[in-house]
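Some notes on the structure that comes next.
Any read-out appearing in this document is the output of simple, stated calculations on the displayed coordinates, not a laboratory observation. Model, not experiment: these values are computed from the prediction. Cβ coordinates were reconstructed from backbone atoms using ideal geometry, including for glycine residues, and neighbour counts include every protein chain displayed.
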Amino acid sequence: MRAVTWRAYGSPEVLTIRDVPVPEPRDGEVRIRTVATTAHIGDTRIRRADPFAARLAFGLLRPRRDLILGLELAGTVDAVGRGVSAFAPGDEVLAFCGFSRLGGNAEYRCLPAEGGNLPKHGAVVRKPASLSFAEAAALPTGALTALKNLQKARLGAGGSILINGASGSLGTYAIQLAKHLGAEVTAVCSARNRDLVAGLGADAVVDYEAQDFTRLGPRFDVVYDAVMQSSPRACRGLLRPGGVHVRNAGLARITNDDLTHIADLAAQGALRPVIDRVLPLDDVVEAHRYVETGRKRGHVVLTM
């Protein structure tokens, strides 16, 4: 099968597509034939070992030889291991691939059919019929991260939240999740993305190029820095007494129930993945270059 691999940490040009053996599902696993996957910001950081501590997980001097990039995917179950009853060949699914083995940027990926340690080993749920494979592939990682941040902040109905980086892969989900919870949302993004975030439900939009959002005054219960470009100290003046600043760190463990929850929200129409562009797997280098510009809106999808 074809898969995205790399033999050294560095720029997008270190990525290559090569043929590797098709994996066989073990007991309790399903094998998925990938239709779509993503070039995620997390993949770019793993590729260049940023932060340096990533080398402890993926290879100290160079990436592990068997490592394939890709945090998420959508596709069709084509084989099941012994003991699997939750899925059958032909089922359309989406999956989070886990932070240990990754592997979404490949034509096939084996994952646990149910239960297990989701952050480490990944998990699979049925694809909502309302989503295309490209949309479904873009759902797991961004939506799960945004969900855990809002849960940490204890955002609820009647609350107010400012989201910095509102047009990115995390921000677009955070807007929709916050609105689903009944909160008032102020989105911070560039002027060119005003219509996008307003269309997702933002009640107010701040153009960071024209206005310093940190000077808006103490009117928010939560500040979510989805792009990790501000500090709690810089945003202190935005928060009401008891307000919370969150930025993708110190989150509770993601569970299978969380993945099922976001899939259910997507099926209900409460979550809509935003796709910036769709590229073939062969263009993975171009995809990584584009992700690293910081200008993408939502997600960059790779198709097989």
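Some values worked out for this structure:
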quantity	calculated
The chain: Cα Rg divided by the 2.2 N^0.38 Å rule of thumb	0.99
Aspartates and glutamates whose Cα lies under 19 Å from that of Lys152, excluding same-chain neighbours fewer than 8 positions away	Glu184, Asp221, Asp225, Asp257, Asp258
Extension gain, Gln151 back to Ser11 (0.36 nm per residue minus Cα-Cα distance, nm)	46.9 nm
Packing rank of 109-118, 61-70, 39-48, 84-93, where each peptide gets the mean count of other beta carbons within 10 Å, highest leading	39-48, 109-118, 61-70, 84-93
Sites Ala234 and Thr255 - FRET efficiency at Förster radius 41 Å, r taken between beta-carbons, to 0.05	0.80
Sequence ranges 295-301, 140-146, ranked by mean other-Cβ count within 10 angstrom, highest first	140-146, 295-301
Modelled label reach - Arg45, point 7 Å along Cα→Cβ, the stretch 253-297 residues with backbone N closer than 11 Å	none
Hz values of 3J(HN,Hα) by residue in the stretch 213-220 - Karplus curve (6.51, -1.76, 1.60), Gly and Pro given as x	5, 6, 9, 6, x, x, 9, 10
Share, in percent, of DSSP beta bridges within the chain that are antiparallel, nearest 5	55 percent
Between 0 and 90°, nearest 10: helix 256-268 axis offset from the chain longest Cα axis	70 degrees
Inter-probe distance in nm under a simple model that places probes 7 Å from Cα toward Cβ, at Ala88 and Arg277	4.2 nm
Mean Cβ count within 10 Å, highest first, over the residues of peptides 151-157, 169-175, 182-188	169-175, 182-188, 151-157
Estimated distance in nm for a label pair at Gln211 and Asp27, the labels positioned 7 Å out from Cα along Cα-to-Cβ	6.1 nm
